[in-house]
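Everything on this sheet refers to the single structure shown next.
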Amino acid sequence: MPDMQWDALWDNAQIATMAAGGAPFGLIKDAAVGVAGGRIAWLGSRSEIPASAAHCPARMDCAGRLVTPGLIDCHTHLVYGGHRAKEFE
């Protein structure tokens, strides 16, 4: 969907991915996310942002911050005192 009109573009970000390939996590440095209709329409390196992004009405600079998928449930219960880092992978 790189040629469609986006509603928003978040750029200058680091993006955590759940990409397959050996490691449980991935990271795209110097990345961007294009959104259209409330859904992710494009994700990748800033150097590969499609030309159509120039017309995006809302562009946010993430200032190098980390963007993560909204799939993480970080809560725990007292019965699990201590750390549970090995469970998250």
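Spin-label model, LYS29 to SER45: label points 7 Å out along the Cα-to-beta-carbon direction sit 1.2 nm apart. FRET efficiency for the pair ASP61 and ALA36, taken as 1/(1 + (r/R0)^6) with r the Cβ-Cβ distance and R0 = 22 Å, rounds to 0.70.
All of the numbers you see were taken from the coordinates with simple rules; none came from a lab. Everything quoted here is computed from the prediction, not taken from an experiment. So basically every Cβ, Gly included, is an ideal-geometry build from the backbone, and we count neighbours across all protein chains shown.
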